[in-house]
Every structure is written in C-alpha cells, then in structure tokens.
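Report on the following structure.
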Amino acid sequence: MIYQGNAITVAKNGEGIARLTFDLRDESVNKLSRAVIEELGEAVKALQGESGLQGLVIDSAKDVFIVGADITEFHGVFEKDEAYLVEMNQRVHAIFNAIEDLPFPTVTAINGIALGGGCEVALTTDYRVMADSARLGLPETKLGILPGWGGCVRLPRLIGADNAIEWIAGGTENKAEAALKMGAVDAVVPGDQLEAAALDLLARAASGELDYRARRAEKTSPLKLGPIEQMMAFETAKGYVAGKAGPHYPAPVESIKVIQKGAGESRERAQAIEAKAFAKLAKTDVCFNLVGLFLNDQLVKKKAGKYAKQVAPIQQAAVLGAGIMGGGIAYQSASKGTPILMKDIKEEALELGLKEARKLFAKQVERKKLTTEQMAEKLSHIRPTLSYGDFGHVDLVVEAVVENPRVKEAVLTELEDQVDEKTILTSNTSTISIDRLAQNLKRPENFCGMHFFNPVHRMPLVEVIRGEKSSDAAVAATVAYARAMGKTPIVVNDCPGFLVNRVLFPYFGGFSLLMEQGADFQRVDKLMEKFGWPMGPAYLLDVVGMDTAVHAGEVMAEGFPERMGSLGGGGDKSAIQLMFEKDRLGQKNAKGFYAYEEDKKGKPRKVVDEEAIALVQQVVKESRELSDEEIIARMMVPLCLETVRCLEDGIVGSAAEADMALIYGIGFPPFRGGALRYIDALGVAEFVAQAERLAEELGPLYAPTETLRRMAADGTRFYA
Ligand SMILES: NC(=O)c1ccc[n+]([C@@H]2O[C@H](COP(=O)([O-])OP(=O)(O)OC[C@H]3O[C@@H](n4cnc5c(N)ncnc54)[C@H](O)[C@@H]3O)[C@@H](O)[C@H]2O)c1
C-alpha cells in the first residue's frame, strides 16, 4: 500500500503498476470535496516518493467514476474573495499538474459518470479508457461557472477548440462513442474489460509501441491554430453561444474567451487565465442562484425518491379524456415505458389523442432519438378505448375530462366502481378542490390530485395534491408514477389554485392593475421577458387562454376574496375579462392581446393587433407614468407574496420546493432561483418596504404578511 485515505487508496502490483482508486467512505458516489482534493495531493506526493513505478491507473471502486466537485460546498467557498478563489484553484492545478508530470505513463479507467472535476481528473493522465455505458463531460457552465481545474486548458488541446467549446459552453454529458470519436478517450470497452484495457495501454506505452511523451507534450503545449482557424473557432462560436445562452447566462461565452485567451499560452499561464475567470464568475449572483437551484433540485428529487420507494412501480396506468391533456399524458406515459389505457366518450377524441401522440413520436424518429420499430412499440403502449373493459387491472388512473365539477364528480364515482379496491385515482383538475372531488368517493383515501402542465411532454412539473383524506400510499404512488414519466413531482396541500396557479394569478392581478393605469402591455411583456421570463404576461395569457384565465380567476377570487376579489369580475371589468367577452380567447382562436398567424412550420406567430390595443384602452382609469422598475415591482410583488403565503399556510413543504415548482411549472427565471430566492436577493426588509409602499396605493394584493414583516425586522431569510 502506497497511500490510504478516506476517499483514495494507492496500491502497487508486482509489475510496478500503481493504482489510485477513488472510493469515498460512507457515500454512494465519489465527489471531489475539499477534503478529497487534500487527499489527492497527499496521494500524489506518495506516488512521487515511490521508486520503481512503471505506470499508473486511476480508477473508481463505485458505480460512478467521479460525479464532480462537491456542490454543497460551493456557496460557502464562493463567499470568499476572488484572490482566495484563484489561489484555491491554483493549488488544485499544482496537484493535477503533478499527476500529468509523473515520470511514467498514466491512464484513467472511466467506469461510470465522470463529470466536472471528475472529467478533469481523467484529463490529467496520458490515456483514458472508457466503459461503453459511462458518461464524460464538463457541465460547469450550467452552474454559472466554468471548468476551473484545467478543463478549459486540457480539453481543447486534446480534442480541438471547436469540439471543446461544444462540450464546455454546452455543458453536455457525452456518451462513450462520441468521446472516442472526438479523441477525448483512447478506447471504449464493456465495463468488465476496463481494467484489462487500461493495463494493455500502459504495456504498449512501456514497450514503446505508444509514445506517451509525445501525447503528453501535445496536451501541455499551446494549441496549434492558425489565425483563420482561430477566427472560425472562437468568434463564430461566441456569437452563436451568446445568442443561445441569452444575456442572463454569461458563463458559456466566458468559457470560450478563456479557451481563446489560453490557446497560445503555456499550460501554467493558461491555467492562471482560467483561475481568474472562474473566480470572477463564482462571485456572480447568477452563479449563486444556479448553484442554489441545483441544490434545491437535489432536495426535491430526494423527497420524491423517498415517496417512490414506499410503493411498487405502476405497471398499468389509465387516463380518462383524450383531449389536450389526456393525449399528452398518454404519450408521456407510453414514451417512458408505462402502458396506458386512454378512455374517452367520443371516437373522434380518441383519434385526435392518438394522432397527437403519433406526431410527437414521429418527431423523435426525425431527431433519431427513436427508430421506427421503437416508435411502433411505444405507440402500442397506448390503448384507446370507449369502455371500462380492462380497468380492473389498472394501478393508477388520471382523470383528465372537461373542467366541470359535476362532470368530474360523476366520472370519478362511476370510475370507482370499475376499478380494483387498491387502484389509485387522481385528477388533473386545475381549479377544483381535491377535497370536494373526494366527497362522494367510497375510498377517498385512494384519491389525490395529479396536476400536469401544458404541454405535458415539455413541462417538467407535476403537482401532486394531497387532499385531507388522501393516504400516504396514494400520494406515494402518484409521485412514483410522475417520476416514472420523467417528471419532477412536488407534493402540495389542497387549496384554490394549489401552489402554482395560486401564485400565478396574483401576478395576473398585478398585470390587470397595470392595465387600469394605462401601461402598454407590449412594454410590460418586453420588460418581463428582459427580466428573464420565457414570455411576458399578456403573451402568457394568450397561451393559457382567456376563458381558462377568467374561469380560474373566479375560483381564486372566491377562495381569497380579500386580496384576489378583483380577479373574479365583481368590480370593474379587467382587461382579461374584456378580452374574454369580445371572444378574444388567445392563441386558440388566433386573437387575444396579440393576433396569431401561422408561420411556415404551421406554428402560431404573434403579431401586433391594433384592435386589441384599442380594447385595452377601455379599462384605463387614470394614465400614470411608470418606470421600468415600478412595472417589474408591480408584477413581481404579488407573485412573491403569494409564494410566501403558500409557505406560511403549509401548502408547500419548503422554500426549495416552492421555488422549484415555480421554475418548473411556469418558467420563473432560473438564474433568479425562484420567488423566495428573489426576495432574499432583494433583501427581505427592502422587499417588505416595497410591498408596503405599493399596498398603500394598490390594496391588499400587495400587503406583506405579518411573518414577513417580522423576518424583515430580525433579518431572517428564506435560505440560510
Ligand atoms: N389545457 C390545459 O392547459 C390544462 C392544464 C392543466 C390541467 N388541465 C386540466 O385537464 C383537464 C382536461 O383539460 P383539456 O384541456 O385536456 O380538455 P379537453 O377539452 O381538451 O379534453 C377533455 C376530453 O375529455 C373527454 N370527456 C368528457 N367527458 C368524458 C367522460 N365522461 N369520460 C371520458 N372522457 C370524457 C372529452 O371528450 C375530451 O376529449 C381539465 O380538468 C383541465 O382543467 C388543463
């Protein structure tokens, strides 16, 4: 034994081959925490001090190779100043360079996931062999930083600047064949032959068949690129990546600049450039929020995992209603491998639902994600039916018929008689209380809400709504099914609008008040899009549909009359209600706040509509000059306040879940981390002051809660 630590052991075999194995004690995966990096430094020192070594294999004793740095340490570390962060990365560079400079050939055996720092460890050795099921990549830019342990330096030297830009700026996880094709690894073999392949490479290097020194020289010298190639690789990429990432995500473009600046430099100088850029990005709010997002996502997934473990997987599902939502649910279930019965009362509806599913599968075939045989196989998992014939063998049913409480109640009671006693029933209702729908059921404990978002195949969130009588088993089965469908389930308690719509409608309320004060809705849309929303509120209302918005608004007004009363149409007509009255329903009938034309691909494209602009003028009570900041505050404050209320009322279990639900459910700007993270970033006291100012003029929709006032007074935050 050459070295033994908590995460790393180094041993030597009879032929003088050292083996450095990552196996982090008491953890299911290997990650590079600060402590593990310390150990790596000690292990490398031990290797340097050992005589008679002929080669080194770096490998892992776990299913993964190394998942990356320990992201739970990031917030604490990134708080330090830039100089500290530069120094910290330089220390890691020294360790990694020492591996690269060992006086014998080296190889990494990548048995499983090797991401971020894990990939960067693999890049230090002369060779890499990879199991066919493993993944290799540098996803750092997705966290608002860039690879800081030599990835921006070694990868372009290994696979060329253009390929490296694709990996680093795109943050892609790459399959073994792709890695081999680009030259990131030297061989791909089945997992059980990995060790033999690694030893074989070392033997060939020792015999002189492979020139490992030349390999090493190439990886440690400046990149060989002519001025034209430079231009092509870097300038074109910067333009393209900037366009794709958008103005709120600087890391991808920064990573290209780092590769470019370091291209003509020695290893050490290029690493110094990388360290400086890393430190700068690590200090940004965007990075802080994206790291927070990652941690929240982990928490949400862990919670869902715990639920799912309590129940057997859903083997057979069913959906009632083959409409927009039912069709989407059937597609998603079949696509991810859970067979599903799709029942409707109309033959045409079934045909339409199937047609939609076929279209989505065909797109996958077009993109080469599926073969035509796989498509046929998956399509056969959707069984359309007009009867309850096979419902006796169904584990879980999603009711997705028309949004009418009486119809839903009738359908659910009828359904209950057709299924097994253990079958879980769920409803995809967006506005009807789960407790109300449970009232007439014989087995209300087997029932809960399962709220999907439109379009089902694209929206990652599923709200699982626990009614008063829902059992843990019902909730767990629903969570398990959502996970099996590739969705992120978040469990919430029953209330009008559940979590996401309860938070969204106050935002629309803020929008309606702005319209009354003469704000231009196109300006509001542009501002909110610049703020980071995928679409502004007027455009979003067109997508949701004015009929749906008016109906849901009434439900919200009834549920929370004191602050959302105006959403219900009791007082003066809002712009939304007026649109609805004039049959301007939005995208569905090609006119709302905007008009819609079909583009070449048959997709709706929005265009300015003077008629809509004139119509909105009718609701103006008094025209006011409003600054950009004021407009943003008037939109954001009600949404944020309602999120706070949902947390206070126990509708959602934690700040992390609330924020993730908004990001996954309505596209809250991810780089801002969610509504509660946004309040933290503004400062709770500043937010409360802003809300109080607005409440004075605009009423209770803007009034902060008592708890929030208290938080402002004693300086507490939503995230520690
Ligand atoms: N469309 C959305 O954006 C959206 C989003 C989330 C949730 N939802 C909810 O999903 C549900 C369905 O909405 P949709 O937009 O798909 O509606 P839709 O009108 O497109 O589809 C409803 C389908 O239900 C069928 N149906 C009616 N009675 C039935 C019965 N007794 N048995 C079987 N099928 C029956 C109809 O024939 C129709 O095909 C509603 O509760 C809605 O609130 C909709």
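The values are calculated or read from the model by the stated rules, or taken from the named source; none is laboratory data. Because the structure is predicted, anything quoted here is derived from the model rather than measured. With ideal geometry, Cβ positions are generated from the backbone for all residues, glycine too; neighbour counts draw on all protein chains shown. Ligands, DNA and RNA are excluded from the accessible area calculation, which covers all protein heavy atoms including side chains. Shrake-Rupley method; radii C 1.70, N 1.55, O 1.52, S 1.80 Å.
Restricting attention to region 641-682, the residues that are of a type in the set (A, V, I, L, M, F, W, C), under 14 Å from Glu463 (Cα atoms) and open to solvent by 10 Å² or more (accessible area, probe 1.4 Å) total 3. Of the residues making up region 313-331, those that are within 13 Å of the ligand (Cβ to nearest atom) and surrounded by fewer than 23 Cβ atoms within 10 Å (Cβ to Cβ) number 2.
Scanning region 271-284 for residues that are of a type in the set (S, T, N, Q) and either free of Cβ contacts under 8 Å to residues at least 40 places away in the same chain or assigned to a helix (DSSP H, G or I) (or both) gives a single hit, Gln271.
Of all residues being assigned to a loop (DSSP other than H, G, I, E, B) and within 12 Å of the ligand (Cβ to nearest atom) in region 344-392, which is nearest to Gly328 (Cα to Cα)? Just the residue, please. Taking the candidates together, the pick is Asp344. Val241 meets all of the listed conditions (1) touching a Lys or Arg at 6+ places or on another chain (Cβ under 8 Å); (2) part of a helix (DSSP H, G or I) but one, namely (1). The residues in region 485-522 that are open to solvent by less than 10 Å² (accessible area, probe 1.4 Å) and charged (D, E, K, R) can be counted, and the count is 1.
Based on this model, can you work out whether Glu622 counts as surrounded by fewer than 24 Cβ atoms within 10 Å (Cβ to Cβ) and either free of Cβ contacts under 8 Å to residues at least 24 places away in the same chain or basic (Lys, Arg) (or both)?
No; evaluated as a whole, the condition is false for this residue.
Val544 meets each of the listed conditions (1) within 14 Å of the ligand (Cβ to nearest atom); (2) under 30 Å from Lys442 (Cα atoms); (3) open to solvent by 10 Å² or more (accessible area, probe 1.4 Å) apart from (2).
When Gly246 is tested against (1) on the phi > 0 side of the Ramachandran plot; (2) crowded, with 20+ Cβ neighbours inside 10 Å; (3) of a type outside the set (Val, Ile, Thr), only condition (2) is not met. In contact with a Lys or Arg (Cβ under 6 Å, 6 or more places away or on another chain) and more than 30 Å from Asp63 (Cβ to Cβ): is that true of Ile259 in this structure? Against the criterion (in contact with a Lys or Arg (Cβ under 6 Å, 6 or more places away or on another chain) and more than 30 Å from Asp63 (Cβ to Cβ)), Ile259 does not qualify.
Checked against (1) under 18 Å from Ile273 (Cα atoms); (2) outside any helix (DSSP H, G or I); (3) touching a Leu at 6+ places or on another chain (Cβ under 6 Å), Ala109 passes all but condition (1). Given the structure, is Val394 buried (at least 20 other Cβ atoms within 10 Å of the Cβ) and out of contact with any helix residue (DSSP H, G or I) (no Cβ under 7 Å at 6 or more places or on another chain)? Yes, satisfied. For region 510-526, the condition holds for no residue, the condition being that it is within 23 Å of Ile490 (Cβ to Cβ) and either modelled with pLDDT of 95 or more or in contact with a Pro (Cβ under 9 Å, 6 or more places away or on another chain) (or both). If the condition is being of a type outside the set (A, V, I, L, M, F, W, C) and over 30 Å from Thr106 (Cα atoms), then region 216-238 contributes Gly226, Pro227, Glu229, Gln230, Glu235, Thr236, Lys238. Selection of region 40-84 for residues being within 23 Å of Gly112 (Cβ to Cβ), part of a helix (DSSP H, G or I) and open to solvent by 20 Å² or more (accessible area, probe 1.4 Å) yields Ile71, Thr72, Glu73, Phe74. Checking the condition touching a Phe, Trp or Tyr at 6+ places or on another chain (Cβ under 7 Å) and either open to solvent by less than 10 Å² (accessible area, probe 1.4 Å) or of a type in the set (Asp, Glu) (or both), which residue from Ala482, Ala538 passes? Answer to the check: Ala538.
Evaluating Asn111 against the criteria (1) over 32 Å from the mean Cα position of the chain (by Cα); (2) within 27 Å of Gly171 (Cα to Cα); (3) not basic (Lys, Arg) leaves one unmet condition, (1). Phe498: within 16 Å of the ligand (Cβ to nearest atom) and in a helix (DSSP H, G or I), yes or no? Criteria not met by Phe498. Residues that are open to solvent by less than 10 Å² (accessible area, probe 1.4 Å) and either assigned to a loop (DSSP other than H, G, I, E, B) or within 9 Å of the ligand (Cβ to nearest atom) (or both) within region 452-474 comprise Phe452, Val456, Gly467, listed in sequence order.
One residue stands out in region 397-434 among those that are within 12 Å of the ligand (Cβ to nearest atom) and among the acidic types (Asp, Glu): the one that is farthest from Glu554 (Cα to Cα), namely Glu414.
Scanning region 106-121 for residues that are in contact with a strand residue (DSSP E or B) (Cβ under 8 Å, 6 or more places away or on another chain) and open to solvent by less than 10 Å² (accessible area, probe 1.4 Å) turns up Thr106, Val107, Thr108, Ala109, Ile110, Gly112, Ala114, Gly116, Gly117, Gly118, Cys119, Val121.
The C-beta contact set for region 698-711 (first residue surrounded by fewer than 20 Cβ atoms within 10 Å (Cβ to Cβ), second residue part of a helix (DSSP H, G or I) and β-branched (Val, Ile, Thr), distance under 7 angstrom, 6+ apart or interchain) comprises Thr705/Val644; Arg709/Val688.
Highlighted here are the helices (runs of 4 or more DSSP H) found entirely within region 578-676 that include at least 2 residues which are under 18 Å from Asp520 (Cβ atoms) and under 25 Å from the mean Cα position of the chain (by Cα): 628-648. The one condition from (1) away from the ligand (no atom under 14 Å from the Cβ); (2) outside any loop (DSSP other than H, G, I, E, B); (3) surrounded by fewer than 24 Cβ atoms within 10 Å (Cβ to Cβ); (4) in contact (Cβ under 8 Å) with a residue 12 or more places away in the chain that Thr338 does not meet is (2). None of Arg135, Arg204, Arg128, Arg154 is in contact (Cβ under 8 Å) with a residue 12 or more places away in the chain, open to solvent by 10 Å² or more (accessible area, probe 1.4 Å) and at negative phi except Arg135.
Which residue out of Glu268, Glu229, Glu218 is touching a Lys or Arg at 6+ places or on another chain (Cβ under 9 Å), more than 27 Å from Pro670 (Cβ to Cβ) and either of a type in the set (A, V, I, L, M, F, W, C) or in a helix (DSSP H, G or I) (or both)?
Glu218
Among the residues of region 670-697, those identified as touching a residue at least 60 places away in the same chain (Cβ under 8 Å) and under 28 Å from Glu516 (Cα atoms) are Gly674, Ala675, Leu694.
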